[in-house]
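Bear in mind these aren't lab numbers, they're just calculated from the coordinates by the rules spelled out. As the structure is a prediction and not an experimental result, all values here were calculated from the model. Every residue, glycine as well, gets a Cβ built from its backbone with ideal geometry; the counts of neighbours run over all protein chains shown.
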Amino acid sequence: MVTGLVDAVSYLNLGHVFVANMTGNVVFLGFAVADARDFSIPASLTATGAFLAGALGGGRLGSSAGHHRGRLLAIATYLKIALVGAALIASMLPLDSNGDLVRYALIVLLALAMGLQNATARRLGVPDLTTTVLTLTLTGIAADSTLAGGKNHGLARRLLATFTMFLGAAVGAFVIFRFGVTAVLAIALALLVTNGIAARHYSFSSDAWTVGS
């Protein structure tokens with residue numbers, strides 16, 4: 001859901017750029033290179049670079065804390081709270097003459113958070129749970145269905161991931177148009193804080209699922 005919220009912010013208010021969906025971002029970069037209107041090479045490159053930096057940080061975090069998946073989840077969530085919290089503060093700052101400073105600050109902070117999120121989800125390795133992309137999820141829904149001769153393994157999780165991202169994007173767009181970017185980021189931060197509270201409990205858990213690799 002956070003992915004849908006922040007991509008609503010980035011696409012609708014930061015100049016047709018994604019901070020979570022890097023497939024779309026690469027396509028947008030191609031559009032911008034071809035001089036398509038309303039697409040920006042610097043914005044796309046900035047979002048992609050920040051996402052990669054966040055993923056790199058998530059990979060390093062996974063290497064150091066991945067032995068306990070609950071602790072990894074908690075630390076990653078705390079870092080995302082800090083990044084989205086900083087984006088929330090940045091969204092409330094007065095705009096400079098052309099708005100670029102705040103715009104790029106938001107792109108960098110949100111893309112860092114999403115890169116970290118994606119790397120953490122990859123390290124946790126929960127089957128059929130992707131948090132920033134849905135192409136493979138939707139493929140699995142169709143390709144593993146009974147109509148295709150499959151057994152619908154993970155269908156509920158795939159549908160839930162799809163619905164929550166859709167819901168985040170719809171809520172994000174609705175709130176942006178009526179209340180602005182700051183309100184959307186406040187919702188995203190509230191969701192992350194809720195996750196952080198739950199993750200703190202699991203960071204001390206000895207359940208079998210917490211044992212990493």
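Helix-only mean residue ellipticity at 222 nm, the chain, DSSP H runs n ≥ 4 weighted -39,500 (n - 2.57), per residue, nearest 500. What is it?
Working: 8 runs with 153 residues, N = 213.
Counting only the DSSP helices, I get -24500 deg cm²/dmol.
Which value in Å is the Kirkwood Rh of the chain over different Cα pairs? Kindly include the intermediate steps, with their values, before the conclusion.
Numbers: mean 1/r = 0.0560 Å⁻¹.
By the Kirkwood definition, the hydrodynamic radius is 17.8 Å.
In this Cβ point-charge picture (+1 for Lys and Arg, -1 for Asp and Glu), the chain has a dipole of about 560 debye about its Cα centre.
At a temperature of 25 °C and a viscosity of 0.890 mPa s, determine how fast the stretch 19-125 diffuses translationally according to Stokes-Einstein, using the Kirkwood radius over alpha-carbon pairs as Rh; express D in µm²/s, rounded to the nearest whole number. For the chosen part, D equals 168 µm²/s.
Starting with the highest mean, order 125-134, 14-23 by the number of other Cβ atoms within 10 Å, averaged over the residues of each peptide.
14-23, 125-134
Among ALA183, SER203, LEU14, pick out the residue whose Cα is farthest towards the positive end of the charge dipole of the chain, where Lys and Arg carry +1 and Asp and Glu carry -1 on C-beta, about the Cα centre. Checking the options against the dipole of the chain, the answer is SER203.
Once Rh for the stretch 109-213 is found with the Kirkwood sum over Cα pairs, what is the Stokes-Einstein diffusion coefficient at 10 °C and 1.306 mPa s, in µm²/s? Could you put the intermediate results ahead of the total?
Working: Rh = 16.0 Å.
Once the numbers are plugged in, D ends up at 99 µm²/s.
Projected onto the charge dipole of the chain (+1 at Lys/Arg Cβ, -1 at Asp/Glu Cβ, origin at the Cα centre), which of LEU29, ILE107, GLY58 gives the Cα projection farthest towards the positive end? Most positive-ward Cα: GLY58. Across the stretch 110-170, the fraction of Cα-Cα pairs farther apart than 19 Å, rounded to a whole number, is 34%. The fraction of Cα-Cα pairs per 10 angstrom bin, counted from 0 for the stretch 1-43, comes to 33, 54, 12, 1 percent, rounded to whole percents.
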